[in-house]
Amino acid sequence: MIDRRSSPIDPAVRALITTCVPQINGCSFCVDINSATLLMCGTPPVKIEALSRWPESNLFDERERAALDYAKTMTHSGREAGGDLCTRLREHFDDDAIAELTGLIAFQNMSSKFNGALGVPPQGFCRLPGDGSMDSLRHRTWQA
């Protein structure tokens, strides 16, 4: 079990990963619950709403982009995390952090595919202020 109190990955980056992976996999329940975690970590609602289009957004720093790119690569079967991606990861994360990040992404893939296959619906954990934009986020998936 990962002891999150001594994690080499800050909670907001972990929550970005655990929200991004189910967006790719189409699990609205996991997007809902993990978006709530992002809010609890202090992530601004506008950044949560931009997560499905993070490659085009200027709201994500280089460390977050490296982690999100790694999550995308691991989530899409048949892709290898080599070359430039490994270099970018190592610029921001040490070996322990990369091992934890890898486990987190693998677990979230299993969890979001399990919940998605069973059709577990969102439960309303994350309620962003405004005009109901979270409803569209829950049903939007990031496309490769």
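The values are calculated or read from the model by the stated rules, or taken from the named source; none is laboratory data. Worth saying up front: this structure is predicted, and the values here are computed from it rather than measured. Reconstructed Cβ throughout: ideal geometry from the backbone, glycine too, with neighbour counts over all protein chains shown.
The lone criterion from (1) assigned to a helix (DSSP H, G or I); (2) modelled with pLDDT under 95; (3) out of contact with any Lys or Arg (no Cβ under 8 Å at 6 or more places or on another chain); (4) among the aromatic types (Phe, Trp, Tyr) left unmet by residue 107 is number (2). Being of a type in the set (Val, Ile, Thr) and either under 21 Å from residue 126 (Cβ atoms) or touching a residue at least 40 places away in the same chain (Cβ under 8 Å) (or both) holds for only one residue in 98, 24, and it is 24. Hey, can you tell me all the residues within segment 49-59 that are within 16 Å of residue 13 (Cβ to Cβ) and buried (at least 18 other Cβ atoms within 10 Å of the Cβ)? 51, 54 - these are the residues of segment 49-59 that are within 16 Å of residue 13 (Cβ to Cβ) and buried (at least 18 other Cβ atoms within 10 Å of the Cβ). One residue alone among 17, 33 is within 14 Å of the chain's Cα centre (by Cα), buried (at least 18 other Cβ atoms within 10 Å of the Cβ) and over 28 Å from residue 95 (Cβ atoms), and that residue is 33. A single entry from 119, 78, 130 fulfils the requirement of being within 24 Å of residue 33 (Cα to Cα) and either in contact with a strand residue (DSSP E or B) (Cβ under 7 Å, 6 or more places away or on another chain) or modelled with pLDDT under 70 (or both): 130.
Filtered by the rule that a residue be without any contact (Cβ under 8 Å) to a residue 24 or more places away in the chain and within 12 Å of residue 68 (Cβ to Cβ), segment 79-95 gives 85, 89.
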